[in-house]
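Single-structure report; data block below.
The values are calculated or read from the model by the stated rules, or taken from the named source; none is laboratory data. What you see is a predicted model, and the numbers here were worked out from it, not measured in a lab. Cβ placement follows ideal geometry from the backbone for every residue including glycine, while neighbour counts extend to all protein chains displayed. For the accessible areas, the whole protein counts, side chains as well, though only heavy atoms, and no ligand, DNA or RNA atoms are used. Shrake-Rupley method; radii C 1.70, N 1.55, O 1.52, S 1.80 Å.
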Amino acid sequence: NNANMFFLDAGNDRILIGTATAIDVPMVQIAGAKNYSNAIPRNMLSITDLNAYNSTDNGGAITFQGEYSGGSFTSFASIEGNKYNNTAGDYSGKMRLATRRSGGVNEPRLDLSLVEAVFNEDSKDCDFRVESDAHTHALYVDSGAQTICVGTTDTSVAANTGSAKGINFN
């Protein structure tokens, strides 16, 4: 019963879904009322994978891409929702955030599953840090030095303990 279920606003170069009135200036806007069915949100945006649900890693994905040279396009990042395992009838899910390294492919940076949050599953040289109001490195994991620092990035204190793996508290 919506007269503007799909509204092409050519004058402003945008597509509106569910409304003819833009709230802001997005190129695509989806408007609606979220509701729940079995505690699962419905009626907003759904990305659907048509593969059978008895395999691992099937599920929807949003891929961010752009032109990199001469009309060629590549993916730079993705958000994926995947089935957690390949057990038939088990619909546990996980979410993956992935980014591309120069010359490479999208690699997992964060996997969120039913039982864990995993950073850097593929063991790439990828540092991790947490910021707070006063510190840019409130918690810092230096993957190359295999060191955890609190309040600093100075891994030398841990290195001076004679251990290749250490914790540096500043």
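Give the stretch 90-105 a look and list any residue that's modelled with pLDDT under 85 and either open to solvent by less than 60 Å² (accessible area, probe 1.4 Å) or polar (S, T, N, Q) (or both), or say none.
Step one: of the stretch 90-105, the residues modelled with pLDDT under 85 are 90-93, 101-105.
If the condition is that a residue be modelled with pLDDT under 85 and either open to solvent by less than 60 Å² (accessible area, probe 1.4 Å) or polar (S, T, N, Q) (or both), then Asp90, Ser92, Gly93, Ser102, Gly104 are the ones that fit.
Which residue is farthest from Phe76 (Cα to Cα), if the candidates are limited to the stretch 106-134 and must be among the charged types (D, E, K, R) and open to solvent by less than 60 Å² (accessible area, probe 1.4 Å)? Break it down stepwise before answering.
Restricting attention to the stretch 106-134, the residues satisfying the condition of being among the charged types (D, E, K, R) are 107, 109, 111, 116, 121-122, 124-125, 127, 129, 131, 133.
Of the ones still in play, those that are also open to solvent by less than 60 Å² (accessible area, probe 1.4 Å) are 107, 109, 111.
Numbers: Glu107: 10, Arg109: 13, Asp111: 17 Å.
Applying the filter and picking the extreme gives Asp111.
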Criterion violated by Tyr53 - all others in (1) open to solvent by 50 Å² or more (accessible area, probe 1.4 Å); (2) at pLDDT 80 or above; (3) closer than 30 Å to Val115 by Cβ satisfied: (2)
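Take the residues in the stretch 70-85 that are within 13 Å of Pro108 (Cβ to Cβ) and of a type outside the set (S, T, N, Q), then tell me which one is surrounded by the most Cβ atoms within 10 Å (Cβ to Cβ). Talk me through it step by step, then tell me what you get.
Narrowing the stretch 70-85 to residues within 13 Å of Pro108 (Cβ to Cβ): 77-80, 82.
Right, trim to of a type outside the set (S, T, N, Q) and you get 77, 79-80.
Details: Ala77: 14, Ile79: 14, Glu80: 20.
Across the stretch 70-85, the extreme among qualifying residues is Glu80.
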Testing Asn4 on (1) at pLDDT 80 or above; (2) surrounded by 12 or more Cβ atoms within 10 Å (Cβ to Cβ), one condition comes back false. Which one is that? (1)
Residue list for the stretch 61-81, restricted to those being touching a strand residue (DSSP E or B) at 6+ places or on another chain (Cβ under 9 Å) and either modelled with pLDDT under 80 or more than 25 Å from Ser102 (Cα to Cα) (or both): Tyr68
Got a number for residues in the stretch 18-42 being open to solvent by less than 90 Å² (accessible area, probe 1.4 Å) and farther than 30 Å from Ser92 by Cβ? 8
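Give me the strands (runs of 3 or more DSSP E) completely within the stretch 47-149, filtered to those with at least 2 residues that are under 13 Å from the mean Cα position of the chain (by Cα), ordered by residue number.
Numbers: elements: 61-69, 72-83, 93-100, 106-112, 117-119, 128-130, 139-142.
It comes to 61-69, 72-83, 93-100, 106-112, 117-119.
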